[in-house]
Structures are given as C-alpha cells and as structure tokens.
Amino acid sequence: MKTKIFMGLALTAIAIQFIPYGKDHTNPPIISEPTWDSPRTKELFDNACSDCHSHQTKYPWYSNIAPISWLLARDVEEGREHFNVHAWGAQKKNEGKEAAKEVREGEMPLWFYLPTHPEARLSETQKQELIDGLEKTFGKEKTEKEEK
Ligand code: HEC
C-alpha cells in the first residue's frame, strides 16, 4: 500500500513537469522607465523588488520545477500587473505611489521571497533609504490624516 502511494506521488510529480504554464522565462522588452531620483534607489529596488515588478526578472534554477514554477509565474504576472517599472507611463494601472507605503508597512517584498533572496533583506537603514527614494521617484500616497 505504502509503495503504491509513493509511486503515485512520484508519477504525479513527474507528470506535472510537462504542464507548460510557468515555463516561459523570457522577459518582455523594457517599454519605458521612471526617472529614478538616484542610482541608489534603483539599486535597492533592483535587489528587493525588480524580480516581480520589472521586465528584468531573474529566474532561479528551481523556477523550472513545478509546482514552484506555477507560483512564481503567478507572482511575477500579478506583481507586474499592479506595479511595473518597465512599463512606466505605458501601463494604465501602475501603483508606484503605493510603493513606499508597502515597504514601510513591511508588505513588500513578499515575506516568502526573502529566505531565498538575501540581497532583498534590507537593513533598517536600507529600508529607510528605499522608502525615501520611492517617495521621491513615484510620489507619496496620502495618509488618511492628510486627506481630511
Ligand atoms: C516575490 C514577488 C514580489 C516581490 C519581490 C515584490 N513584490 Fe510587490 N507585489 C507582488 C505581487 C504578487 C503583488 C500584487 C498582489 C499583492 O498586493 O499582494 C504586488 C503588489 C505591489 C504593489 C501594489 C500595491 C498593492 O497592494 O496592490 C506595490 C506598490 C508593490 N508591490 C511594491 C513592491 C516593492 C517596492 C517591492 C520591493 C521592496 C516589492 N513590491 C517586491 C510581488 C512582489
């Protein structure tokens, strides 16, 4: 019985590798870029955000293995859909104004990205640098207080 279950799982694990979704790792061409306030902001962004919010996604080796490949493809798709620095001004929905807030509140980068991407783990100083740079580059979302 146990062997049968194991064989079944092993065969499923192999079979799902043939599903094409998530296999295409070609980056779309860069359409347009924002004017970064400083090279430092861009550098921090490249380290912590650009895998999901640009057309310069670096795909790690495990991004070829289903089902990781599916989850990863979905994050990149959704990430670009919300905020894409390589379709800046060209893509209608582009929530750059929220970027600083997302970092300040610890929402971005997504937590599960960090264990495999040490370069995206920002110190408090780097985090503040990125927040300031994002605000200068993309503007600032009004806090509730300011809206009143
Ligand atoms: C592992 C992929 C990944 C990384 C890395 C990442 N993001 Fe995101 N980001 C997403 C996804 C997926 C969404 C859309 C769904 C959501 O909001 O969770 C998103 C949404 C956003 C949004 C839109 C706001 C919203 O909630 O809709 C902003 C702004 C943003 N991210 C900024 C950043 C910044 C700045 C960084 C780097 C500090 C970053 N992200 C790193 C995947 C990522």
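Looking across region 60-99, the residues that are closer than 29 Å to residue 16 by Cα, of a type in the set (Val, Ile, Thr) and either assigned to a helix (DSSP H, G or I) or within 12 Å of the ligand (Cβ to nearest atom) (or both) come down to 68, 76. Within region 71-101, the set of residues being surrounded by 15 or more Cβ atoms within 10 Å (Cβ to Cβ) and over 24 Å from residue 37 (Cβ atoms) comprises 72, 73, 75, 76.
For residue 109, state whether it is within 23 Å of residue 34 (Cα to Cα), assigned to a loop (DSSP other than H, G, I, E, B) and modelled with pLDDT of 95 or more. Yes. Report yes if some residue within region 119-134 is within 8 Å of the ligand (Cβ to nearest atom) and exposed (fewer than 15 other Cβ atoms within 10 Å of the Cβ); otherwise report no. No; the residues of region 119-134 include none that is within 8 Å of the ligand (Cβ to nearest atom) and exposed (fewer than 15 other Cβ atoms within 10 Å of the Cβ). Among residues of region 132-146 that are at pLDDT 95 or above and β-branched (Val, Ile, Thr), those with a beta-carbon under 7 Å from a residue that is assigned to a loop (DSSP other than H, G, I, E, B) and more than 10 Å from the ligand (Cβ to nearest atom) at least six positions away or on a different chain give the pairs 137/34; 137/36; 137/37. Checking every residue in region 9-22 against the condition of being part of a loop (DSSP other than H, G, I, E, B), without any contact (Cβ under 8 Å) to a residue 24 or more places away in the chain and either more than 16 Å from the ligand (Cβ to nearest atom) or closer than 25 Å to residue 132 by Cβ (or both) gives at least one match.
The set of residues in region 42-59 being more than 10 Å from the ligand (Cβ to nearest atom) and under 13 Å from residue 134 (Cβ atoms) consists of 42, 43. Cβ-Cβ contacts under 6 Å between residues 6 or more apart (or on different chains), taken from a first residue in region 43-67 that is surrounded by 15 or more Cβ atoms within 10 Å (Cβ to Cβ) to a second residue that is among the acidic types (Asp, Glu), are listed as 47/119; 52/75; 57/51.
Counting the residues of region 112-134 that are of a type in the set (A, V, I, L, M) and not in a loop (DSSP other than H, G, I, E, B) gives 4.
Of the residues contained in region 69-87, none is found to be of a type in the set (Ser, Thr, Tyr) and free of Cβ contacts under 8 Å to residues at least 12 places away in the same chain.
The values are calculated or read from the model by the stated rules, or taken from the named source; none is laboratory data. Here the structure is a predicted model, which means the values were calculated and not measured. Here the Cβ is made from the backbone with ideal geometry for all residues, glycine too, and neighbour counts use every protein chain on show.
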